[in-house]
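Here is the structure we will look at, set down as structure tokens.
Laboratory data are not the source of any read-out in this text; all were calculated from the coordinates shown. Remember, it's a predicted structure, so these values are computed and weren't measured experimentally. Don't worry about glycine lacking a Cβ; one is built from the backbone with ideal geometry, like all the others, and counts go over all protein chains shown.
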């Protein structure tokens, strides 16, 4: 559960809100950010953990690590509970023995949901109990928090001098296969290049949590100063509404080195914004793609997005919310009633 606010935690928060009238929901939080209101697995209180499992009819797993997923699946199996596993991401390169262990435990689940086809193509599972469904759920703008005052002032100032606002985010600074997972380094480098060519852009990049790689975050802060980008690259560490940041921006970027089905991409499209993303996985058709880690292509796609004269129309907010609610309630009830 948030905070920090990443794609998976936002999905869980919105899904819980969506189905709370149909089901009684309890939580086992895995975040390093321990909250008073939620039991956290890092407390290692196995008695309380197993009490929750025993009380439940269904275990709905969103864990990102193999160990946590296996532990929850095994616990559910021991106590004869229904099990749903959502795979929000899965490494394309994994040792065969590790993959076989994953597949063994995944096949214990009653339903495995994958956020894209690439994940299911990478593992061998009983296709009859697999489902491909992206993780996006519409935001409720009425409960989204206001952006911090200093950020709104900065954006207004930049817009008033003719700048296009480009935003990006990361739950934290992560390294994947030796690369900056969320592409903050790419954003800084492309901002410098665009600045050199006098392109009218300013970046806002938000990192929700500094629980990992804080030193790298501070290194990026120094780099922004060294490159004389302080006036048009705002790197911040805030627990904010990225939905409202998207609404205040002109272009959203997702330059990740790997991905699942990114909430950021679908959120930008839902809110009627131009979205530029790396080509590491299949993206929605409206996404402007650039070749992953290719700075030149990234820059060209930003210039292309700026050049577009067409204005995106805002869709009717929450127009599909009942459809989403029915979808999730129906397949949960289907799993509950299965043998």
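A few notes on this one:
- Computed log₁₀ I(q)/I(0) - Debye formula, equal Cα scatterers, no solvent, the range 96-157, q 0.13, 0.24, 0.29 Å⁻¹: -0.56, -1.03, -1.20
- For the range 141-307, pairs of C-alpha atoms spaced more than 30 angstrom apart make up 8 percent of the total.
- Computed per residue of the chain from DSSP H runs no shorter than four, each worth -39500 (n - 2.57), the mean residue ellipticity at 222 nm is -12500 deg cm²/dmol.
- Kirkwood hydrodynamic radius of the range 1-108, Cα pairs, Å: 14.9
- Relative contact order of the range 141-307, taken over Cα pairs closer than 8 Å and 6 or more residues apart, is 24 percent.
- Neighbour counts of other Cβ atoms within 10 Å put 145, 264 in the fewest-to-most order 145, 264.
- Beta bridges by DSSP in the chain, antiparallel share as percent, to the nearest 5: 5
- Between the range 10-46 and the range 48-122, the alpha-carbon center distance in angstrom: 17
- Euclidean distance of C-alpha centroids, the range 272-302 and the range 146-180, integer Å: 17
- The range 205-267 - Kirkwood radius from inverse mean 1/r over Cα pairs (Å): 13.5
- Relative exposure of 307, 282, judged by other C-beta atoms within 10 Å (fewest first): 307, 282
- Share of pairwise Cα separations in the range 126-165, more than 12 Å, in percent: 74
- In the range 134-283, the DSSP beta bridges split such that about 10 percent are antiparallel, to the nearest 5.
- Equivalent ellipsoid semi-axes - Cα gyration tensor, the chain, angstrom: 36, 21, 20
- Ascending count of other beta-carbon atoms within 10 Å, so fewest first, for 336, 1: 336, 1
- Normalised contact order of the chain, rounded percent, pairs of Cα under 8 Å and 6 or more residues apart: 16
- Kirkwood analysis of the Cα pair distances in the range 67-122 returns a hydrodynamic radius of 11.8 Å.
- Percent of Cα pairs exceeding the 14 Å cut-off, where the set is the range 131-212: 75
- Value of relative contact order over the range 170-237, rounded to a whole percent, pairs C-alpha under 8 Å and six or more apart: 41
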